[in-house]
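To keep things clear, I will list the structure first and then write my remarks on it.
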Amino acid sequence: MAIWLPPTHRHRIRAEGARKSVNLYTRPAAAPLPKDPTPFPLEALEAELLRALAGSSRADRQEPAFARLTAVLWDRLARPTPAPTLPLPTDPRLRRIALAHLDGADQSLDYWAGALALSRRSLQRLVRRDTGQNWATWMRDLRLTRSIAPLMAGKSVQHAAHTAGYATASGFVAAFQAAHGITPGQLQRRMEI
């Protein structure tokens, strides 16, 4: 799994246990990638392209082959992704809620309405207008999105269910499959390199 982080996006990385990562830095204009953070599933070709490009020397970057490899990587990443994703809302209040939930919080509609000095109904309308979903569906999708990182890291479905706030793995699997059309295990198999 790869994650595109635009140059101006503030972020932090937290890893559980030993992890390896490959970082590839590019000029914003050089990459035809989204303006928001976006996860990308990696097949073997993309993984090797990333490793080759990230490990290249300054001299290598001047070679025509480097430009061709880069173009192939951008073409591959521009394909539709089967990995479940959830775009962040544009409204800053909803982004605050989304980021808190993605970080593990599970506060209720009433909590957030009070914290944002909105009525329940106003917050529900704001969610509908910005995300196209009702509150319950949006919360479910945020919880399921929290499960993607552990699944991609090879953690068990039980661990991913716990991370997403589900009491049982079976409830998590049912919700995941209803939302994404595949089970968490199928997602893990699709994303293996």
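Placing a pseudo-label 7 Å from each Cα along the Cα-to-Cβ vector at A178 and L116 gives an inter-label distance of 2.4 nm. Shape descriptor for region 92-191: Rg over Rh equals 1.02 (Cα atoms; Rh from the Kirkwood inverse mean 1/r).
Counting every other Cβ atom within 10 Å of each residue's Cβ, L69, L45, L109 order from fewest to most as L45, L109, L69. Taken along its principal axes, the alpha carbon cloud of region 120-162 reaches lengths of 39, 15, 10 Å, longest axis first.
No lab work stands behind these numbers, since they all come straight from the coordinates. All values derive from a computational prediction rather than experimental measurement. Cβ atoms come from the backbone with ideal geometry, glycine included; neighbour counts cover every protein chain shown.
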